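Enquirer: My structure is below; once you've seen it, I'll send some questions.
The values are calculated or read from the model by the stated rules, or taken from the named source; none is laboratory data. Everything numeric in this text was worked out from a predicted model, so none of it was measured. Cβ placement follows ideal geometry from the backbone for every residue including glycine, while neighbour counts extend to all protein chains displayed. When the accessible area is computed, the model is the full protein with side chains, heavy atoms only, and any ligands, DNA or RNA have been set aside. Shrake-Rupley method; radii C 1.70, N 1.55, O 1.52, S 1.80 Å.
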Amino acid sequence: MIADLAERLLAGGLQLVTAESCTGGWIAKACTDLPGSSRWFRGGVVAYTNELKSALLGVGAGTLAAHGAVSEAVVREMAMGAIGRLGGDRAVAVSGIAGPDGGTPDKPVGTVWFAWAERTASGCAVRAARHHFAGDREQVRWQAVAVAIRGVFES
């Protein structure tokens, strides 16, 4: 899938940036595992804490307080912040609860929010989705990486 994504981004003259929380940089790693990725992958931010989500990606403190880090509102702001601050044409943002603890009845372990942003002439177009993954911490994170990359490919 990464090779197909690279081909599509290169054909469009586009660069990807990432804003990662629960995946801890695994999306960026998957991208940079492919030789020549510097032609289409600009870079990314691992913002694991709320403080860094705000400082590095511009996520509003009010958004975090109102919705929590694992929410549609936060990943949307992460994706827009990634494009705005890192300069890409496409962005993917991920925030979730990989476990084994940290879940709540409203946001159980395995809950992951995604946002994909695209730079447009008038700003940014963003779409978001929530997934619930089964498995241990590593399985949740790898499933999140796969969904994140597939979502960029489908943009």
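Enquirer: Please enumerate the residues belonging to the range 99-111 that are out of contact with any Ser or Thr (no Cβ under 8 Å at 6 or more places or on another chain), surrounded by 12 or more Cβ atoms within 10 Å (Cβ to Cβ) and in a loop (DSSP other than H, G, I, E, B).
Expert: G99, G102, K107, P108, V109, G110
Enquirer: Step by step: first the residues of the range 112-155, then only those that are assigned to a loop (DSSP other than H, G, I, E, B) and under 22 Å from G87 (Cα atoms), then the one that is modelled with the lowest pLDDT. Which residue is that?
Expert: Looking at residues that are assigned to a loop (DSSP other than H, G, I, E, B) and under 22 Å from G87 (Cα atoms), I get S155.
Enquirer: Okay, moving on. Could you tell me how many of the residues in the range 51-68 are open to solvent by less than 70 Å² (accessible area, probe 1.4 Å) and over 13 Å from G81 (Cα atoms)?
Expert: Number of matching residues: 4.
Enquirer: Check off (1) open to solvent by less than 10 Å² (accessible area, probe 1.4 Å); (2) of a type in the set (S, T, N, Q); (3) in a loop (DSSP other than H, G, I, E, B) for S95 and give me the number that stays unchecked.
Expert: (3)
Enquirer: Take L86 and tell me if it is over 15 Å from G24 (Cα atoms), of a type in the set (A, V, I, L, M, F, W, C) and either in contact with a Ser or Thr (Cβ under 7 Å, 6 or more places away or on another chain) or open to solvent by less than 30 Å² (accessible area, probe 1.4 Å) (or both).
Expert: no
Enquirer: List pairs: first in the range 24-37 and farther than 18 Å from Q143 by Cα, second loosely packed, with under 15 Cβ neighbours inside 10 Å and small (G, A, S), Cβ under 7 Å, 6+ apart or cross-chain?
Expert: L34/A3
Enquirer: Consider S122 carefully, then state whether it is free of Cβ contacts under 8 Å to residues at least 60 places away in the same chain, over 21 Å from A30 (Cβ atoms), hydroxyl-bearing (S, T, Y) and surrounded by 17 or more Cβ atoms within 10 Å (Cβ to Cβ).
Expert: no
Enquirer: Could you list, in sequence order, the residues of the range 30-55 that are over 12 Å from L5 (Cα atoms) and under 13 Å from the mean Cα position of the chain (by Cα)?
Expert: G43, G44, V45, V46, A47, Y48, K53
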